[in-house]
Amino acid sequence: MEINHNSPKTDIDKLVIKYVDGRITRRELDELESLLQDSEDNLMYYRQIRNMLENNVPVNVNSGHALEQVLQRIDHKTKNRKIFKTLQRIAAVLFIPLLISFLIFFMNNEKNRQDEENSYRTITAVIGTVSSFDLQDGSRVWLNTGSSLQVPERFSKDKRQVRLSGEAYFEVRADESCPFLVQAGNFTVKATGTRFNVMAYTGGKPSVSLAEGKVSVSVRRGSGKISEIPLLPGQHLAIGNENQVSDIIEGDVYKFYAWKDGKLVFRNDLLSDIIQRISLQYNVDIEAADPGILNIRYRATFDNESLTEVLDLLKLASPFSYKEIQPVIQPDGSYSKRRIIISSIKPNL
């Protein structure tokens with residue numbers, strides 16, 4: 001860069017350098033202001049030089065030739081900046097494939113994670129048995145006979161959702177930020193940390209029994225409307241036809257999930273309800289030849305008794321007779337369920 005020491009811009013250079021360096025005199029400051037007022041070009045030039053000096057080069061001027069040195073340093077730094085920008089462009093070219101590879105890797109991982117969350121494995125309790133197991137979050141589940149639970153390979157960050165067919169008892173690990181959801185038919189149970197039982201056998205009477213904590217049950221009705229029902233400990237929610245809430249019972253709800261401990265507990269229950277529970281637990285079909293017998297109520301506890309023992313103990317409380325029909329082979333090669341027919345004993349006249 002060539003400098004004309006006799007040009008007005010050269011005078012501005014010298015004065016600006018002194019101004020920035022803090023050595024300008026009052027007379028020189030007046031001279032600088034006069035030059036800047038003379039023309040718009042001088043003012044723009046002053047701003048450019050001052051900006052370069054203040055932002056790029058430390059100034060320490062002692063001679064008339066210092067300006068050339070300063071400007072040379074500015075020009076050298078400008079070249080360095082051009083080289084740096086070139087290197088930036090080269091780095092960007094090299095970085096782009098790495099960035100693309102990282103994005104592909106990240107998206108594949110994210111897709112795999114989502115696939116795991118959307119992929120379910122099914123756990124089933126064999127007929128005649130009760131299965132218990134732990135979930136990945138530390139929650140524990142008991143599956144009643146013939147029931148199945150679909151569990152994702154990995155829970156999502158905002159919810160822990162499982163799908164139930166049959167009956168299960170849950171001890172959910174507390175996590176308010178990630179609620180636990182049990183989807184069963186047309187209703188869903190939401191919990192954060194609690195103990196509860198869900199019955200959802202096909203063709204049976206759906207219900208939710210809360211042992212500890214609190215849950216909310218969202219029921220989708222025939223009209224598509226969703227009703228949300230909160231439950232407190234000791235409450236049993238029965239869901240009736242067309243998903244209408246038929247009843248909420250309060251009291252000792254242990255009888256609804258005593259099955260997980262190998263027990264059958266009845267507290268002033270109708271024989272019709274007792275038959276349903278026995279049918280599930282022993283995988284039999286029980287029929288009443290006399291419908292009137294179904295209104296008899298019982299209070300009893302059975303602990304790992306056989307079906308015959310249960311029926312014999314029941315008929316002691318209220319006389320009835322029963323007949324067992326053995327399984328028969330079906331056209332497809334399978335065997336039918338055992339059938340039990342209960343009849344009332346008519347008094348002799």
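Find the accessible area per residue for segment 278-327; the probe is 1.4 Å, ligands and nucleic acids are left out, and the unit is Å².
Values: 2860 Å² over 50 residues.
Ligands and nucleic acids excluded, the figure is 57 Å² per residue.
Give me the net charge for the shell around Lys337: Cβ to Cβ below 13 angstrom, other residues only, Lys and Arg +1, Asp and Glu -1.
Summing Lys and Arg as +1 and Asp and Glu as -1 gives -1.
Could you give the nm distance between label points at Asp332 and Thr301, where each point is 7 Å from its Cα heading toward the beta carbon?
Once both label points are built, they end up 4.1 nm from each other.
Given the peptides 156-163, 127-134, 144-151, arrange them by the average over their residues of other C-beta atoms within 10 Å, most packed first. Mind showing how you got there, number by number?
Working: 156-163: 16.1, 127-134: 13.0, 144-151: 19.1.
Averaged packing, sorted descending, gives the order 144-151, 156-163, 127-134.
What nm distance separates the two modelled labels at Leu313 and Glu153, each placed 7 Å from Cα along Cα→Cβ?
Each label point is offset 7 Å from its Cα along the Cβ direction, giving 4.6 nm.
Out of residues 5 or more away from Ser132 or on other chains, whose amide H comes under 5 Å of its own, with H placed 1.01 Å from N in the peptide plane?
Amide H neighbours of Ser132, under 5 Å, 5+ apart: Leu143.
In whole Hz and in residue order, list the ³J(HN,Hα) couplings for segment 282-297 that follow from phi through the Karplus curve 6.51 cos²θ - 1.76 cosθ + 1.60, θ = phi - 60°; x for Gly and Pro.
Coupling constants for segment 282-297: 10, 6, 10, 9, 10, 10, 10, 5, 10, x, x, 5, 5, 8, 6, 9 Hz.
Among the listed pairs Lys214/Lys263; Lys159/Lys205; Lys157/Lys190, give every one whose C-alpha distance is greater than 20 Å.
Flagged as over cut-off: Lys214/Lys263; Lys159/Lys205.
Once neighbouring chains are kept in place and the probe is 1.4 Å, which whole percent of the accessible area of segment 158-262 is contributed by carbon and sulfur?
44
How much length would be gained if the chain were fully extended between Asp38 and Asp11, taking 0.36 nm per residue of separation minus their Cα-Cα distance, in nm to one decimal?
Taking 0.36 nm per residue and subtracting the Cα distance, the gain is 8.4 nm.
Below 8 Å, C-alpha to C-alpha, sequence gap of six or more: please give me the relative contact order for segment 144-295 in percent.
Once divided by the residue count of segment 144-295, the mean separation gives 14 percent.
Calculate one ³J(HN,Hα) per residue across segment 123-133 by plugging θ = phi - 60° into the Karplus curve 6.51 cos²θ - 1.76 cosθ + 1.60, and present them in order as whole Hz with x for glycine and proline.
Here the 3J(HN,Hα) series is 10, 10, 8, 4, 3, x, 10, 10, 10, 10, 6 Hz.
Given a cut-off of under 8 Å on Cα pairs at least six residues apart, what relative contact order in percent is computed for segment 233-349?
22
The values are calculated or read from the model by the stated rules, or taken from the named source; none is laboratory data. None of these values were measured; they are calculated from a predicted model. In this analysis, Cβ positions are derived from the backbone assuming ideal geometry, glycine residues included, and neighbour counts consider all displayed protein chains. Please note that ligands, DNA and RNA were not included when accessible areas were found on the heavy atoms of the full protein model with its side chains. Shrake-Rupley method; radii C 1.70, N 1.55, O 1.52, S 1.80 Å.
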